[in-house]
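Beneath this line is the structure, given in structure tokens, with notes to follow.
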Amino acid sequence: MASSAVEFTLLAALSMVCAVASSYLMTSAWQAVLKHAQHWGWHTVAPKRARQLPLPPGPWVIPYIGDTFRFMSQGLIKISTDRMAIYGPIHRTWLLGERNVFVADAACVRKVLNGEHTIAEEDWPLGVALLLGRKSVAVLTFDDHLNMRKLMSPAFNPKGLVRGVPRLVQLAQEHCDRWAQQGELMGARAIKAFTFHAAVELVLGFEKSWVTEENLAINQARFLAWTDAFNGTPLDLPGFKFKKANQARRELIAAIKVNLAQMQARLQDPSQDRVGVHRTSIELALEASLPPSDSSSTSSSDDSTDAKGHGVDLDTLADTSLNLLFAGHDTSAAAITLAVRHLKLQPHLLQKLCQEQQEAAAFMQTRTFGEQPNRSAAQHFGLSSKVIDQYGTDITDRELSAMPYTTALVKETLRHKAIVSSVWRKTLVDIELGGYRIPKGWRLNLDIWKVLLDDPRWVDQTDDFAPCRFNPDRWLTEEGECGLDKSFIPFGGGARKCMGYNFAFMEIKVILAVLARGYDWSVDLDETFIQTSPLPALTNGMPMKCWKQEQPMRPSSFAIRS
């Protein structure tokens, strides 16, 4: 009797879940029908050339549902890879109640990215848009998006970033010391702690209370719950990840608003001397909302002056702060995790990295003791004697620009495994892509990962520079240095190109340089790699051991090729 009652309860619960899911899909399908009804007659007003072009090829699928369940279980890359082998780089299906076109051709992807606000617009799936926030800079459209970027972008230009380099180096050193003291740790989580700390201080400008050991653990747990629902069903009901993610988002937004209030008070305090101090993107946006008398003293000579007059409300600042925390720490952490693992998968890569990082110190030491400096070795790795004489051995912004192999390592990490594998757009007008017509209102899935792998400089290579091989040396060849990086778009392109790409490059180079100069580590090389959305990850979080080098490495311990 009890067993029958339990079975009945389970069946009832399962029926309820199925009913809710069916209701969601039917609602999405009906909304899509209404939305696209106006586009069913698109061919009556399309140009003659467009009428002559075929729609992209694709399999027959159930309208409005299509590959939705496969997307939720296998992800976009699996769907795109399978269909690409049959239909080519441009093919269509249905996803989440929408007509969806996968685009993996580099020229077509660039056309869409560069046509932001004119031929296409950002189009997040409903659940992702709700979690990011309707007023987030990633979700804002047209003039609202352009104005918000205009306010914040000065913080990410090279001139603005230079002021944050000393603190970034200090943070990298502190976290590496902490890893060495712990000995054994979960590498992915530890790296996220570093990038989160850097983003809180240098991207947002929040109080250090956010990154105390206790608050760091709390906020990272909230972030994990928040991002874990990006691929889930947007139902705010018990048992669904989306409900937990929404709660985590509310807690994060509440904490962010407290920090925004503190930041505003700090900016309005006339006793605070901010001249020459690193100013973050959120500080610049917040200043634009202050009365001129309050903000003129801190911004009159800064790059943000031309953005005055575009006031920003608190909700927009809070949503955008959450967006920047995600973009500014999760993505960089994924790239650093992959780079740290590759350096142990191929030890000769770490050897080259250490040579480049230690050459400057060795050069300065030999000069101090009156010995003949090893200029040829320094020049071999791009560290000219002039660079060393001028910049010394400290990690400065100028020294960061004189690290060709470190730069190549970062670029190869971003090329080999796209951190953001794809982005969504929706057509604003009827367009042509790759000889196919794409009607207005159709959703585009731009396969960034495929564009990166199919870089024409190496797409036909079968040797050490084959696309599937991880080899930073490709960026030090004539082809790699020629500047033809039209297929190297890990940060997107056009009006929505990642604002913080310079900061991301700088952050990754700094932590790799600090590690190579004074630490060593080991990771589980047998750990399975999995590609997940929104970011790539390792199955077990990369268990890691880290320790300090007893003595700094010397270039003489490595063979330098002539």
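The values are calculated or read from the model by the stated rules, or taken from the named source; none is laboratory data. Bear in mind that the values here come from a model prediction, so they are computed numbers and not experimental data. Here the Cβ is made from the backbone with ideal geometry for all residues, glycine too, and neighbour counts use every protein chain on show. To get the accessible areas, we keep the full protein, side chains included, count just its heavy atoms, and leave off ligands, DNA and RNA. Shrake-Rupley method; radii C 1.70, N 1.55, O 1.52, S 1.80 Å.
The table for this structure:
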{"item": "Every pair of residues 6+ apart whose Cβ atoms lie under 6 Å, when the first sits in the range 156-178 and is closer than 13 Å to PHE503 by Cα and in contact (Cβ under 8 Å) with a residue 40 or more places away in the chain while the second is small (Gly, Ala, Ser) and not in a helix (DSSP H, G or I)", "result": "PHE156/GLY500"}
{"item": "Candidate set: the range 222-275, residues that are small (Gly, Ala, Ser) and touching a residue at least 40 places away in the same chain (Cβ under 8 Å); chosen: the one most open to solvent (accessible area, probe 1.4 Å)", "result": "GLY239"}
{"item": "Flag for ALA418 being closer than 30 Å to ARG474 by Cβ and either in a loop (DSSP other than H, G, I, E, B) or open to solvent by 10 Å² or more (accessible area, probe 1.4 Å) (or both)", "result": "yes"}
{"item": "Residue within the range 174-193 that is open to solvent by 20 Å² or more (accessible area, probe 1.4 Å), more than 29 Å from ASP319 (Cα to Cα) and basic (Lys, Arg) present", "result": "yes"}
{"item": "Looking only at the range 63-105, and only at residues there that are small (Gly, Ala, Ser) and over 17 Å from VAL423 (Cβ atoms), the one that is least open to solvent (accessible area, probe 1.4 Å)", "result": "GLY97"}
{"item": "Boolean, LEU284 is within 30 Å of VAL423 (Cα to Cα), out of contact with any strand residue (DSSP E or B) (no Cβ under 6 Å at 6 or more places or on another chain), part of a loop (DSSP other than H, G, I, E, B) and at pLDDT 85 or above", "result": "no"}
{"item": "Those residues of the range 435-456 which are in a loop (DSSP other than H, G, I, E, B) and either small (Gly, Ala, Ser) or surrounded by fewer than 19 Cβ atoms within 10 Å (Cβ to Cβ) (or both), in sequence order", "result": "GLY435, LYS440, GLY441, ASP454, PRO456"}
{"item": "Filtered residue count, the range 194-241, keeping only those that are more than 17 Å from SER332 (Cβ to Cβ), out of contact with any Phe, Trp or Tyr (no Cβ under 6 Å at 6 or more places or on another chain) and among the aliphatic types (A, V, I, L, M)", "result": "5"}
{"item": "Identity of the residue in the range 288-309, modelled with pLDDT of 50 or more and either part of a loop (DSSP other than H, G, I, E, B) or in contact with a Lys or Arg (Cβ under 7 Å, 6 or more places away or on another chain) (or both), that ends up nearest to LEU161 (Cα to Cα)", "result": "ALA288"}
{"item": "Filtered residues of the range 464-507 (kept if open to solvent by less than 20 Å² (accessible area, probe 1.4 Å), over 19 Å from THR280 (Cβ atoms) and assigned to a helix (DSSP H, G or I))", "result": "PRO472, ARG474, TRP475, GLY480"}
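A quick yes/no check of all residues on (1) of a type in the set (A, V, I, L, M); (2) at pLDDT 90 or above:
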position	(1), (2)
ALA120	yes, yes
LEU126	yes, no
LEU130	yes, yes
GLY133	no, yes
VAL139	yes, yes
ASN157	no, no
VAL162	yes, no
VAL165	yes, yes
